[in-house]
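Data block below; observations after.
The values are calculated or read from the model by the stated rules, or taken from the named source; none is laboratory data. As the structure is a computational prediction, the values presented were derived from the model and not from experiment. All Cβ positions, even for glycine, are placed from backbone atoms using ideal geometry, and neighbour counts span all protein chains on display. Accessible surface areas use protein heavy atoms only, side chains included; no ligands, DNA or RNA. Shrake-Rupley method; radii C 1.70, N 1.55, O 1.52, S 1.80 Å.
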Amino acid sequence: MLFDTIKRKQYLVCDNLLSSTEQNTIKNTLFDVYFPWFLIEHRDNKDNFTSTNLKSKNKNVKEYVKLVHSFYKLGETNASPHKNVVNLILQKILRKFNLTQINLIRAKANLQTSSSSVKKNNHSTPHTDTNDKHLVIIYYVNNSDGDTIIFNNKKVFKKISPKMGRILIFDGSLKHAAGYPIKSQIRSVININVK
């Protein structure tokens, strides 16, 4: 049902699939002073992400540092001790769509801070997370500005605003980019790739 819906509509937004207690638990876990975030200065192929030539043609593309936490990556043995956060989100999706399993490819959290160097329409480089056929699940950890932008044929197809507890699911072959927080201090998401 989930895969058929995404094939037909290309994306799906689910609000409040997790209870407010579960949403706060995830937010408090990621925003805890001892949660391990790692600085990424630029994108590279180690992350298995596929960029696009839209960067050179799109004046709105701007890259700057962000913080990342890897929960799980297929083929790697060292999963994060905080992977229960991802398991909670996936269990809710399994229940909602009457699925028995989802094959996890990768799960990570991103945290972007506001910066005086970015403007309202700036966003990251449009990209796909992997070349393999997959779905992207984005869980919004906090309320912020900085829409997720989905592209289709190099044009903006849809913009989704970050709302705490919101889950965006879309066809992984569509390029996407992250808008940056301008009014908010931080924008945090959990990015999950499944097949």
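Could you say whether any residue in region 74-86 is among the hydrophobic types (A, V, I, L, M, F, W, C), more than 21 Å from Ile6 (Cβ to Cβ) and modelled with pLDDT of 95 or more? Yes, there is a match, as at least one residue in region 74-86 is among the hydrophobic types (A, V, I, L, M, F, W, C), more than 21 Å from Ile6 (Cβ to Cβ) and modelled with pLDDT of 95 or more. For region 184-195, a tally of residues being modelled with pLDDT of 95 or more, in contact with a Gly (Cβ under 9 Å, 6 or more places away or on another chain) and either open to solvent by 50 Å² or more (accessible area, probe 1.4 Å) or over 16 Å from Arg106 (Cα atoms) (or both) returns 2. Residues being open to solvent by 10 Å² or more (accessible area, probe 1.4 Å), more than 20 Å from Arg8 (Cβ to Cβ) and part of a strand (DSSP E or B) are entirely absent from region 161-175.
Report yes if Asn131 is assigned to a strand (DSSP E or B) and surrounded by fewer than 21 Cβ atoms within 10 Å (Cβ to Cβ), otherwise no. So Asn131 fails the test.
Does any residue of region 143-153 turn out to be assigned to a strand (DSSP E or B), modelled with pLDDT of 95 or more and within 21 Å of Asp32 (Cβ to Cβ)? No. In this structure, Thr25 does not satisfy being in a loop (DSSP other than H, G, I, E, B), at pLDDT 80 or above, open to solvent by 70 Å² or more (accessible area, probe 1.4 Å) and among the polar types (S, T, N, Q).
Quick grid of which residues meet (1) β-branched (Val, Ile, Thr); (2) open to solvent by 40 Å² or more (accessible area, probe 1.4 Å); (3) within 16 Å of Leu12 (Cβ to Cβ):
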| residue | (1), (2), (3) |
| --- | --- |
| Arg95 | no, yes, yes |
| Lys119 | no, yes, no |
| Val141 | yes, no, no |
| Thr148 | yes, no, yes |
| Asn152 | no, yes, yes |
| Lys158 | no, yes, yes |
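Within region 97-117, the set of residues being surrounded by 15 or more Cβ atoms within 10 Å (Cβ to Cβ) and not polar (S, T, N, Q) comprises Phe97, Ile102, Leu104, Ile105, Arg106, Ala107, Lys108, Ala109, Leu111. Count of region 68-77 residues, restricted to those that are in contact with a Phe, Trp or Tyr (Cβ under 9 Å, 6 or more places away or on another chain) and open to solvent by 50 Å² or more (accessible area, probe 1.4 Å), is 1. Tallying residues that are closer than 16 Å to Asn28 by Cα and assigned to a loop (DSSP other than H, G, I, E, B) within region 73-95 yields 3.
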